[in-house]
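Participant: Sharing a structure with you now.
The values are calculated or read from the model by the stated rules, or taken from the named source; none is laboratory data. These numbers were taken from a predicted model, which means no experiment stands behind them. Neighbour counts are summed over all protein chains in view; Cβ atoms, including those assigned to glycine, are modelled from backbone coordinates with ideal geometry. We work out accessible area using only protein heavy atoms, side chains counted, and drop any ligands, DNA or RNA first. Shrake-Rupley method; radii C 1.70, N 1.55, O 1.52, S 1.80 Å.
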Amino acid sequence: MFNIILFGPPGSGKGTQSERLIAKYHLKHLSTGDLLRSEIAAQTVLGMEAKKIMDKGELVPDEVVIGMINSAVDNNPQAKGFLFDGFPRTKAQSEALDQLLSAKNTAIHVFLSLEVSEEELVKRLSNRGLTSGRSDDTNEEVIRARIAEYHKKTSIVADYYQQFDKVVKIKGEGTVEEIFNRLCFEIDKRLS
Ligand code: ADP
């Protein structure tokens, strides 16, 4: 198996790049944001609770997202590897993920961190809000809250993987193609 974490603040391009990466490397894409939005669309109890939190730009409780990832990994026993997008976002989630993968005799191979300036992020997210139908993208205050949440809680996730020497920073500005090539270069190095 080959497992990747694609990391970066909201709006850093994780969704766009994930699509291309899973197609090229035949990985299973696991996005906690997408999983949560499916729960919302299906109007489950979990979805309704999560929506309130997501609309404030805060993080959904660890046990909720860990449970979702656990089932998603279990439901994909044939996967050649996983691309985690939007997960882990806290130290507890990172530890849970490591345990879950090691129980399957595998691990995270690389932690790719997309680096984008705050002004560019706000610009991209506001633009996305015009068409995406995502309620958390239409309000600048919520966008800034998500970026603040990222700096406050989520950036420590990079420190966690840094201790295992797995972190690679990738410049997340430029064309989609340029950024994709930077990501592939780092993945290919580790695959060969
Ligand atoms: P973005 O990266 O643009 O914030 P996501 O789709 O990854 O978008 O996440 C949207 C929202 O879903 C987050 O603001 C948060 O409320 C919730 N969420 C997603 N993943 C997690 C996670 N791993 N832990 C806690 N909350 C999460």
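Participant: Going by what's in this entry, would Glu140 be described as modelled with pLDDT under 95 and touching a Gly at 6+ places or on another chain (Cβ under 8 Å)?
Facilitator: Details: modelled with pLDDT under 95: yes; touching a Gly at 6+ places or on another chain (Cβ under 8 Å): no.
Against the criterion (modelled with pLDDT under 95 and touching a Gly at 6+ places or on another chain (Cβ under 8 Å)), Glu140 does not qualify.
Participant: Which number in (1) more than 12 Å from the ligand (Cβ to nearest atom); (2) under 18 Å from Gly86 (Cα atoms) marks the one condition that Asn139 misses?
Facilitator: With respect to (1) more than 12 Å from the ligand (Cβ to nearest atom); (2) under 18 Å from Gly86 (Cα atoms), Asn139 is out only on (2).
Participant: Counting only residues that are touching a Gly at 6+ places or on another chain (Cβ under 9 Å) and buried (at least 20 other Cβ atoms within 10 Å of the Cβ), how many does region 40-69 have?
Facilitator: Within region 40-69, residues that are touching a Gly at 6+ places or on another chain (Cβ under 9 Å) and buried (at least 20 other Cβ atoms within 10 Å of the Cβ) number 2.
Participant: Okay, moving on. Pick from region 70-94 the residues that are near the ligand (Cβ under 8 Å from one of its atoms) and not acidic (Asp, Glu): which of them is surrounded by the fewest Cβ atoms within 10 Å (Cβ to Cβ)?
Facilitator: Residue satisfying both the conditions and the ranking: Thr90.
Participant: If Ser155 passes every condition in (1) open to solvent by less than 10 Å² (accessible area, probe 1.4 Å); (2) closer than 11 Å to Phe7 by Cβ; (3) out of contact with any Pro (no Cβ under 8 Å at 6 or more places or on another chain) but one, which one does it miss?
Facilitator: Single failed check for Ser155: (1).
Participant: List pairs: first in region 98-109 and farther than 16 Å from Asn76 by Cα, second loosely packed, with under 13 Cβ neighbours inside 10 Å, Cβ under 7 Å, 6+ apart or cross-chain?
Facilitator: His109/Arg190
Participant: Those residues that are charged (D, E, K, R), more than 17 Å from Leu125 (Cβ to Cβ) and touching a residue at least 24 places away in the same chain (Cβ under 8 Å), I need them from region 1-38; list them, please.
Facilitator: Arg20, Lys24, Lys28
Participant: Before we move on, is Asn105 away from the ligand (no atom under 13 Å from the Cβ), out of contact with any strand residue (DSSP E or B) (no Cβ under 6 Å at 6 or more places or on another chain) and open to solvent by 50 Å² or more (accessible area, probe 1.4 Å)? Let's see the steps before the verdict.
Facilitator: Numbers: away from the ligand (no atom under 13 Å from the Cβ): yes; out of contact with any strand residue (DSSP E or B) (no Cβ under 6 Å at 6 or more places or on another chain): yes; open to solvent by 50 Å² or more (accessible area, probe 1.4 Å): yes.
Criteria met by Asn105.
Participant: For Asp188, state whether it is without any contact (Cβ under 8 Å) to a residue 12 or more places away in the chain and either closer than 20 Å to Asp85 by Cα or exposed (fewer than 11 other Cβ atoms within 10 Å of the Cβ) (or both).
Facilitator: Yes.
Participant: Please go through region 108-125 and give me each residue that is surrounded by fewer than 16 Cβ atoms within 10 Å (Cβ to Cβ) and more than 17 Å from the chain's Cα centre (by Cα), ordered by number.
Facilitator: Those that are surrounded by fewer than 16 Cβ atoms within 10 Å (Cβ to Cβ) and more than 17 Å from the chain's Cα centre (by Cα): Ser117, Glu118, Glu119, Glu120, Lys123.
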